[in-house]
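Engineer: The following block contains the structure, expressed as structure tokens.
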Amino acid sequence: MSSARRLIILSLAMAALISVLFHQAAIGSARTIDLTPTSTLDRLATPVMPASPTSIDIGRMVYYINCMPCHGDKGQGLTDEWRAVWVEDHQDCWARGCHGGRRDDEGFPLSRTVPPVIGTGLARFQTVDALVDFLHQTQPPQHPGRLTNDDYQAVALFLLHENGRAVEATDRVDATGLIALSVGGLIVFGLGLAWLKRRSGRAAPR
């Protein structure tokens, strides 16, 4: 075999080898690229209830319906960051027509400072009953005592649990019992959220 022919064969072999290496590198690179879209957390989404919810699960739903708008999705209080989650024309809770305490305001008067209820330990409440009594006397602020005793008990257990306190949550409730517990409030709150989200989609920036 002539040296010229050997050179041609060697060149073709090298070209084939380089082509294979590039092909494998491209496959490996493609496998490392994650094309899965990143989901956006909906902080106003309704909590998912298990089929046999514990008292803490029920308390989480009671909190969502009755407490979350003012105390935050993580119990952080009415912070600027939490108010920014709502649509623009609902972010100023004390604007005219809202909760500023004026005679023509539609909402109940709301304090400028709404404290956090999770992450504080709630140390002032030594027992579940003490927290239940406090909530019954003060919450919700526009109508204290409006919730049922079971609601107050459940949300107290939920708050203590979220604050790292040891609570009993072994009792389970038939899911059908939740109809009487919160379906009315959940429907109203859900419709309100849907309306706010529609307004958010239509609202033009100020």
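Engineer: In what sequence do 68, 61, 49 fall when counting other Cβ within 10 Å, fewest first?
Structural biologist: 49, 68, 61
Engineer: Within a 10 angstrom radius of the beta carbon, how do 127, 79 rank from fewest other beta carbons to most?
Structural biologist: On the way: 127 10, 79 13.
So the ranking, lowest neighbour count to highest, is 127, 79.
Engineer: Could you order peptides 70-78, 133-141, 101-109 by the average number of other Cβ atoms within 10 Å of their residues, highest first?
Structural biologist: 70-78, 133-141, 101-109
We did not get these values from a lab; they are worked out from the coordinates using the rules stated. Predicted, not measured: the structure shown is a model, and the values here were computed from it. All Cβ positions, even for glycine, are placed from backbone atoms using ideal geometry, and neighbour counts span all protein chains on display.
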